[in-house]
Amino acid sequence: MNESAKTLRPGRRWCVLPDDKGWLRDLRTVGDRLLDHLSAAAALDDDPWELPAAPYAEAATACDRVVSMLPEHAGSGLEPLLSPTGTPQPTVHALAVDSGDLDALWEVLTRLHRALDNEPGTEGLLDLVGQAGAEWGDPPRSPRCLISQLERVVAVLELDTFAVRTLAVVMADGTERTLDETGQTAYEAVTASWATTLQP
């Protein structure tokens, strides 16, 4: 990490991300295949469903930025973390992320949920999500499926607890892959909070 373990630049906060293939695939693909699609359409529309084009583009960029900060081997299971007793356990990634990126993702997700709830004025947005799903591959993905993928991504990125901040600082304090007792307690709390989110 480029920033101090204990201090961040203004407008930044720590995120801890799982080295989970499914979650990382969602992170990589919702930006490219869903948010970019919505951003391009919103930029061309005179009445972009109560939401200007900017948050869609910012949300797509946010996914790209997080992906760019991950190590190349993310999702491979390499470099497992070690517990204080030396037991290998699935690795996680601690990143300093722009709060504005997280706000843009949350704002877009909120609008997409309103579209799923068939709120007036969101019909065009839901149609666009459907178009993105139809182009996804075989079989096509439903709007609910795509929005659920984005929801999984946001749920992990938005997790801002004492355990997340503690684990990020412990991991940023050095290059050792062995956690101390404080780091292990935080690790267990963070990974337990992902249990439902990371289910297939």
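Among the conditions (1) in contact with a strand residue (DSSP E or B) (Cβ under 9 Å, 6 or more places away or on another chain); (2) open to solvent by 60 Å² or more (accessible area, probe 1.4 Å); (3) at pLDDT 90 or above, Asp64 misses just one, which is (1).
Is it fair to say Asp103 is within 30 Å of Arg9 (Cα to Cα), open to solvent by less than 50 Å² (accessible area, probe 1.4 Å) and among the acidic types (Asp, Glu)? Steps first, answer last, please.
On the way: within 30 Å of Arg9 (Cα to Cα): yes; open to solvent by less than 50 Å² (accessible area, probe 1.4 Å): no; among the acidic types (Asp, Glu): yes.
When the stated conditions are applied, Asp103 does not pass them.
Could you please find all residues in the stretch 66-97 being under 22 Å from Asp26 (Cβ atoms), outside any loop (DSSP other than H, G, I, E, B) and free of Cβ contacts under 8 Å to residues at least 40 places away in the same chain? Ser68, Met69, listed by residue number.
Of all residues in the stretch 98-136 being outside any helix (DSSP H, G or I) and touching a residue at least 24 places away in the same chain (Cβ under 8 Å), which is nearest to the chain's Cα centre (by Cα)?
Among them, the one singled out is Asp98.
Out of curiosity, is Pro80 open to solvent by 50 Å² or more (accessible area, probe 1.4 Å), of a type outside the set (A, V, I, L, M) and touching a Pro at 6+ places or on another chain (Cβ under 7 Å)?
Working: open to solvent by 50 Å² or more (accessible area, probe 1.4 Å): yes; of a type outside the set (A, V, I, L, M): yes; touching a Pro at 6+ places or on another chain (Cβ under 7 Å): yes.
Against the criterion (open to solvent by 50 Å² or more (accessible area, probe 1.4 Å), of a type outside the set (A, V, I, L, M) and touching a Pro at 6+ places or on another chain (Cβ under 7 Å)), Pro80 qualifies.
Restricting the search to the stretch 114-133, which residues are open to solvent by 60 Å² or more (accessible area, probe 1.4 Å) and over 16 Å from Asp36 (Cα atoms)? Once the filter is applied, which keeps residues that are open to solvent by 60 Å² or more (accessible area, probe 1.4 Å) and over 16 Å from Asp36 (Cα atoms), the stretch 114-133 yields Arg114, Asp117, Asn118, Glu119, Pro120, Glu123.
Has the stretch 8-29 got at least one residue that is modelled with pLDDT under 75, surrounded by 16 or more Cβ atoms within 10 Å (Cβ to Cβ) and either among the β-branched types (Val, Ile, Thr) or more than 27 Å from Thr196 (Cα to Cα) (or both)?
Step one: list which residues in the stretch 8-29 are modelled with pLDDT under 75, which gives 8.
Subset that is surrounded by 16 or more Cβ atoms within 10 Å (Cβ to Cβ): 8.
Filter again for either among the β-branched types (Val, Ile, Thr) or more than 27 Å from Thr196 (Cα to Cα) (or both), leaving 8.
Checked the stretch 8-29: at least one residue is modelled with pLDDT under 75, surrounded by 16 or more Cβ atoms within 10 Å (Cβ to Cβ) and either among the β-branched types (Val, Ile, Thr) or more than 27 Å from Thr196 (Cα to Cα) (or both).
Exactly one residue out of Pro139, Pro143 is closer than 28 Å to Lys21 by Cβ and surrounded by 15 or more Cβ atoms within 10 Å (Cβ to Cβ): that is Pro143. If you go through the stretch 146-191 and pick out every residue that is hydrophobic (A, V, I, L, M, F, W, C), open to solvent by 30 Å² or more (accessible area, probe 1.4 Å), assigned to a helix (DSSP H, G or I) and out of contact with any Asp or Glu (no Cβ under 9 Å at 6 or more places or on another chain), you end up with 5.
The values are calculated or read from the model by the stated rules, or taken from the named source; none is laboratory data. Note that the coordinates shown come from a computational prediction; the quantities given were computed from them, not determined experimentally. Backbone-built Cβ (ideal geometry, glycine too); neighbour counts: all protein chains shown. Calculation scope for accessible area: heavy atoms of the full protein, side chains included, ligands and nucleic acids excluded. Shrake-Rupley method; radii C 1.70, N 1.55, O 1.52, S 1.80 Å.
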